[in-house]
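This report refers to the structure that appears directly beneath it.
The values are calculated or read from the model by the stated rules, or taken from the named source; none is laboratory data. Being a predicted model, the structure only gives us computed values, none of them experimental. In this analysis, Cβ positions are derived from the backbone assuming ideal geometry, glycine residues included, and neighbour counts consider all displayed protein chains. Surface areas here come from the heavy atoms of the whole protein model, side chains and all, with no ligands, DNA or RNA. Shrake-Rupley method; radii C 1.70, N 1.55, O 1.52, S 1.80 Å.
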Amino acid sequence: MTCAVCPITVKRSLEQLPDVSTVKVDLAERMAIVTYDPDKADPEALTKATTNAGYPSTVHK
């Protein structure tokens with residue numbers, strides 16, 4: 001993420017996933033903190049959503 005619009009795009013891409021409850025994106029840290037139901041969603045779905053929006057990502061636990 002490099003501009004002010006990037007966090008908005010990343011947040012929207014993650015919020016569209018049905019089992020995501022909250023998303024907080026920090027542009028300075030280039031990180032999104034996502035709360036989701038691990039029994040229904042998996043980290044791969046999160047990274048796929050951001051990648052499809054044009055922002056490839058990795059999961060940090």
Rounded to a whole %, the carbon-and-sulfur portion of the accessible area of the chain at a 1.4 Å probe is 53
Counting only DSSP loop positions in the chain, the GluC sites (Glu not before Pro) whose Cβ has at most 11 other Cβ atoms within 10 Å are 29
Counting only protein heavy atoms and rolling a 1.4 Å probe, one gets per residue an accessible area for the range 1-52 in Å² of 69
Calc'd 3J(HN,Hα), the range 38-47, phi into Karplus 6.51 cos²θ - 1.76 cosθ + 1.60 (θ = phi - 60°), Hz, glycine/Pro = x, comes to x, 7, 10, 10, 10, x, 4, 5, 5, 5
Pseudo-spin-label distance residue 27 to residue 59, built 7 Å along Cα→Cβ, given in nm, is 2.8
For residue 11, counting only aspartates and glutamates whose alpha-carbon sits under 13 Å away and dropping same-chain residues fewer than eight positions off, the answer is 26
Note on the chain: contact order normalised by length, alpha-carbon pairs under 8 Å, 6 or more apart, percent, works out to 30
From DSSP H assignment alone, runs of 4+ in the chain each adding -39500 (n - 2.57), the sum over residues rounded to the nearest 500 puts [θ] at 222 nm at -9500 deg cm²/dmol
Sorted by chain and number, the residues with a modelled amide H under 5 Å from that of residue 31, at a separation of 5 or more or across chains, are 26
For residue 17, the accessible surface traced by a 1.4 Å probe with all protein chains present amounts, in square angstrom to the nearest 10, to 40
Measuring from its Cα centre, the chain shows a charge dipole (+1 at each Lys and Arg Cβ, -1 at each Asp and Glu Cβ) which, in debye to the nearest 20, is 200
Taking 0.36 nm per residue of separation between residue 4 and residue 52 and subtracting their Cα-Cα distance, the length gained on full extension comes to 15.4 nm
Between residue 36 and residues 5 or more places away or on another chain, the pairs with built amide H atoms under 5 Å apart involve 21
Ignoring ligands and nucleic acids, residue 12 exposes an accessible area, probe 1.4 Å, in Å² to the nearest 10, of 150
Taking 51, 9 and ranking on accessible area (1.4 Å, protein atoms only), highest first, one gets 51, 9
